[in-house]
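Notes follow the structure.
What follows draws every value from the coordinates through simple rules; no lab data is involved. All values reported here derive from a predicted model rather than from experimental measurement. Glycine also receives a Cβ, built like all others from the backbone with ideal geometry; neighbour counts cover every protein chain displayed.
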Amino acid sequence: MTRNTSHHPVPADAAERRAIKPVICYPNETLPVPDLALYREARNGAEKTGEVLVPPRDAACFEVPAGHFFRISSVEGSQVGDLNLWNREDLSERFYSGKSRALHGTHLTTGERMWTSFPYLRPMATIIEDTLDWYGMDDYGGSVHDVIGTRCDPYTGNLLAGSQYHHCCHSNLTRALADHLGLSLEEAEPHVHDVLNVFMCTGFTRDTGQYFMKASPVRPGDYLEFFAEIDLLGALSACPGGDCSAEHSSDTAACFPLLVETFAPARGALEGWSSPAANGYDRSHGR
Ligand SMILES: [Zn+2]
């Protein structure tokens, strides 16, 4: 079945209905604007505090205090990464891919933010540098760093191909979180959530609306850098899809590590900034 298969008569005013101009669901002019100049100035004087090299087809965790920075870099070869973020003090507050998409669009870049789940709905990380921002939107409707995909996982592979593959991002993130927090796999798995697809080049086909991927334009030396708005626990998986030019959920693609580095600003460099409060809705839900 495709989007172009019709079983019902076309109404006389079909062309007029289709010609109606779209309206933006969530006009974002009223979103609180991050002070990028302040963040960048603080970043300039920041000192490196640590790094973790995420092995290919595996994941690793890292922690970033509120007001610090982290950078995800391509090293050795084109590789995409699946990023999960949690409030370090409360795993129930975690990245909300769907709402971040609704607020910013299908792909994130500099000045845009990763937002947390209900009832918090606050910025958890702000992108302050994106060396792939030149890519824009290509002729296929593809762009980089999407919030439209999920994370590759063994359940979908099993559904579509009957496979038992253990190094999808979902499993990598589950193992990394379990090891980092001393949890069992059963305890860790429900905390894994839909990701920011770092460096991945994706879109939806115009004719069928299907999710597509293509070879990532990322090259060694490229990076995406974030400001931590709250205390963060992060987990990054170096996707078994490598640059995602052909397939994922198998061991066939060439895969490379990803580097995560953390940085602390100089004392007093964030004068005037404070970690955002949880959402102001009173939660009475009409009662
Ligand atoms: Zn993946």
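Rounded to whole numbers, the Karplus 3J(HN,Hα) couplings from phi for region 131-138 are 6, 9, 5, 5, 5, x, 10, 7 Hz, using 6.51 cos²θ - 1.76 cosθ + 1.60 with θ = phi - 60°, and x at Gly and Pro. Loop sites by DSSP among the chymotrypsin sites (Phe, Trp or Tyr not before Pro) of the chain, restricted to those with at most 15 other Cβ atoms within 10 angstrom, leave 141-280 as the longest stretch without any of them.
Across the chain, Cα pairs under 8 Å and at least six residues apart give a relative contact order of 35 percent. Scaled to the globular estimate 2.2 N^0.38 Å, the Cα spread of region 192-280, given as radius of gyration, is 1.45.
The percentage of C-alpha pairs in the chain whose separation is greater than 36 Å is 19%. Seen from THR106, the other residues with C-beta closer than 12 Å to its C-beta sum to a net charge of -1, counting Lys and Arg as +1 and Asp and Glu as -1. In whole Å, what is the distance between the alpha-carbon centres of region 205-264 and region 129-199? Cα centroid to Cα centroid, the span is 8 Å. Using the alpha-carbon positions of region 138-270, Rg (one decimal) and Dmax (whole number) come out as 16.5, 56 Å. Sites listed here are GluC sites (Glu not before Pro) in region 10-50 whose DSSP assignment is loop and whose Cβ has at most 11 other Cβ atoms within 10 Å: GLU29. With a cut-off of at most 15 other beta carbons within 10 Å, and DSSP calling the residue loop, which GluC sites (Glu not before Pro) in region 65-153 qualify? Please list them. Qualifying residues, ordered by number: GLU76, GLU89. Our helix-only sum for the chain, with -39,500 (n - 2.57) per DSSP H run of n ≥ 4 divided by its residues, gives a mean residue ellipticity at 222 nm of -4500 deg cm²/dmol. Here SER274, SER284, SER92 are placed in order of increasing Cβ neighbour count within 10 Å, fewest first, which gives SER284, SER274, SER92.
The value of relative contact order for region 28-116, using C-alpha pairs under 8 Å at least six residues apart, is 22 percent.
What does the C-alpha gyration tensor say about the overall shape of region 1-69? Classify as rounded when a/c is under 1.5, otherwise prolate if a/b is larger than b/c, or oblate. Note, shape of region 1-69 comes out oblate. For region 1-45, the dipole from Cβ point charges (+1 on Lys and Arg, -1 on Asp and Glu) about the Cα centre works out to 220 debye, to the nearest 20. Rank ILE230, ILE127, ILE24 by mean-square fluctuation in a GNM of the chain with C-alpha springs under 10 angstrom and give only the top-ranked residue. Answer for the Gaussian network model of the chain: ILE24. For PHE212, the amide hydrogen comes within under 5 Å of the amide hydrogens of GLY203, PHE204, THR205, counting only partners 5 or more places away or on other chains and with H modelled in the peptide plane.
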